[in-house]
2 protein chains.
Amino acid sequence: MMAAQLSELEEAIETLVKNYDKYASKGFCRRKRGINKGSFQKMLSQELHHMLTDTENKQAVDQMRQSCDKNQDGLIGFEEYWHLMGTIANSLLFTMEELEENAEK
Amino acid sequence: MMAAQLSELEEAIETLVKNYDKYASKGFCRRKRGINKGSFQKMLSQELHHMLTDTENKQAVDQMRQSCDKNQDGLIGFEEYWHLMGTIANSLLFTMEELEENAEK
């Protein structure tokens, strides 16, 4: 769908977008699209179980879903999804920096 | 650095984090880290030239950098970087949805 030979970074962005598209429920009204409760649980346990803990704990997952659902419409929209991915990415960066610092000591 | 066999989504998140780490300048004070003007231009032209236009136009790139630099400290910090990636991802999602809609017609 895009010109061939995307960079590694562009491919990564595309992967994140396609993952959202995979789990978001479709509707005629584009604004209403988002990831519902069941799909959110599925996504966490299938795609994020190395980076997150408790992905099989339905209560923990639902608490996370509720804290992601800023506008409380019961769906995780794209902005809310991107924010969650950013939180995970930020923890990963922190871990990388800690490792780098320790390696320098 | 993480347990082996990350999912495709987790690998994509890692790629985005590593890309930030590649272009961000390092300092003793972790809070001061971020992508400076020169590195920002390099990153756009080397990693994002299929998804963004005008990546070789220094003036256009600098305008984009200034609009990303919300706290105006001259550096694109991780949150600002993640927000920019989200804007690109959002456009990509929009394009994908348009294509899907047109395919259904």
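The values are calculated or read from the model by the stated rules, or taken from the named source; none is laboratory data. Keep in mind the model is a prediction, meaning the values are calculated, not measured. Cβ sites come from the backbone with ideal geometry, for glycine too, and all protein chains shown count toward neighbours.
Observations
- Entry remark, the range B:71-81: residues being away from chain A (no Cβ under 14 Å) and touching a helix residue (DSSP H, G or I) at 6+ places or on another chain (Cβ under 6 Å) number 0 in total.
- Restricting A:44, A:84, A:52 to those that are within 14 Å of chain B (Cβ to nearest Cβ), part of a loop (DSSP other than H, G, I, E, B), touching a residue at least 12 places away in the same chain (Cβ under 8 Å) and not charged (D, E, K, R) reduces the list to A:52.
- Boolean, residue B:61 is over 12 Å from the mean Cα position of the chain (by Cα), in a helix (DSSP H, G or I) and surrounded by 20 or more Cβ atoms within 10 Å (Cβ to Cβ): yes
- Pair list, Cβ < 6 Å and 6+ apart or interchain, from the range B:61-80 residues that are free of Cβ contacts under 8 Å to residues at least 40 places away in the same chain to residues that are surrounded by 12 or more Cβ atoms within 10 Å (Cβ to Cβ) and in a helix (DSSP H, G or I): B:61/B:41; B:61/B:44; B:65/B:40; B:68/B:80; B:68/B:84; B:70/B:80
- Flag for residue A:105 being within 11 Å of residue A:40 (Cα to Cα) and at pLDDT below 95: no
- Any chance residue B:95 is out of contact with any strand residue (DSSP E or B) (no Cβ under 7 Å at 6 or more places or on another chain), facing chain A (nearest Cβ under 9 Å) and modelled with pLDDT under 95: yes
- Hey, residue A:54 over 23 Å from residue B:78 (Cα atoms), at pLDDT below 95 and touching a strand residue (DSSP E or B) at 6+ places or on another chain (Cβ under 9 Å) or not: no
- Flag for residue A:25 being without any contact (Cβ under 8 Å) to a residue 60 or more places away in the chain, surrounded by 14 or more Cβ atoms within 10 Å (Cβ to Cβ), touching a Ser or Thr at 6+ places or on another chain (Cβ under 8 Å) and more than 25 Å from residue B:79 (Cβ to Cβ): no
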